[in-house]
Amino acid sequence: APTYTNRVFSSTLVGEPGRVYEIQGSSNLVQWATITTVTNSYGSFTFTDPGSTNQTFRFYRARLLP
């Protein structure tokens with residue numbers, strides 16, 4: 001479940017173990033910036049977006065990398 005603590009967004013995602021995911025964020029759904037790249041070791045992983053502190057709203061997507 002997503003959390004929002006001290007104006008910093010964090011969420012846990014579920015994916016395929018052993019795969020690499022790129023987490024991206026956007027404030028307009030047109031321009032996307034990479035927040036982090038995560039190797040999913042256990043089937044679920046948590047990411048934090050420190051850039052969310054100055055955003056009125058923000059969108060996220062996870063991309064499975066080859």
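Residues of region 1-13 being surrounded by 11 or more Cβ atoms within 10 Å (Cβ to Cβ) and of a type in the set (V, I, T), which ones? Selection gives T3, V8, T12. Among the numbered conditions (1) in contact with a Phe, Trp or Tyr (Cβ under 9 Å, 6 or more places away or on another chain); (2) at pLDDT 85 or above, the only one that F9 does not meet is (2).
In region 31-48, the residues that are surrounded by fewer than 16 Cβ atoms within 10 Å (Cβ to Cβ) reach residues that are hydrophobic (A, V, I, L, M, F, W, C) with C-beta atoms within less than 7 angstrom, at least six apart or across chains, in these pairs: T36/I23; T36/F47; T37/V20; T39/V20; G43/V14; S44/L13; S44/V14; T48/V8.
So in region 49-66, with the set limited to residues that are part of a loop (DSSP other than H, G, I, E, B) and within 18 Å of P2 (Cβ to Cβ), which one is most open to solvent (accessible area, probe 1.4 Å)? I'd like the intermediate steps shown before the answer.
Restricting attention to region 49-66, the residues satisfying the condition of being part of a loop (DSSP other than H, G, I, E, B) are 55-58, 66.
Still in the running and within 18 Å of P2 (Cβ to Cβ): 55-58.
Details: Q55: 60, T56: 136, F57: 114, R58: 62 Å².
It comes out as T56.
Output the residue which, of all residues in region 14-27 that are in contact (Cβ under 8 Å) with a residue 24 or more places away in the chain and over 18 Å from P2 (Cα atoms), is most open to solvent (accessible area, probe 1.4 Å). Once the filter is applied, the top-ranked residue is E16.
The values are calculated or read from the model by the stated rules, or taken from the named source; none is laboratory data. Please read all numbers here as calculations on a predicted model, not as lab measurements. All Cβ positions, even for glycine, are placed from backbone atoms using ideal geometry, and neighbour counts span all protein chains on display. Only protein heavy atoms, including side chains, enter the accessible area calculation; ligands, DNA and RNA are left aside. Shrake-Rupley method; radii C 1.70, N 1.55, O 1.52, S 1.80 Å.
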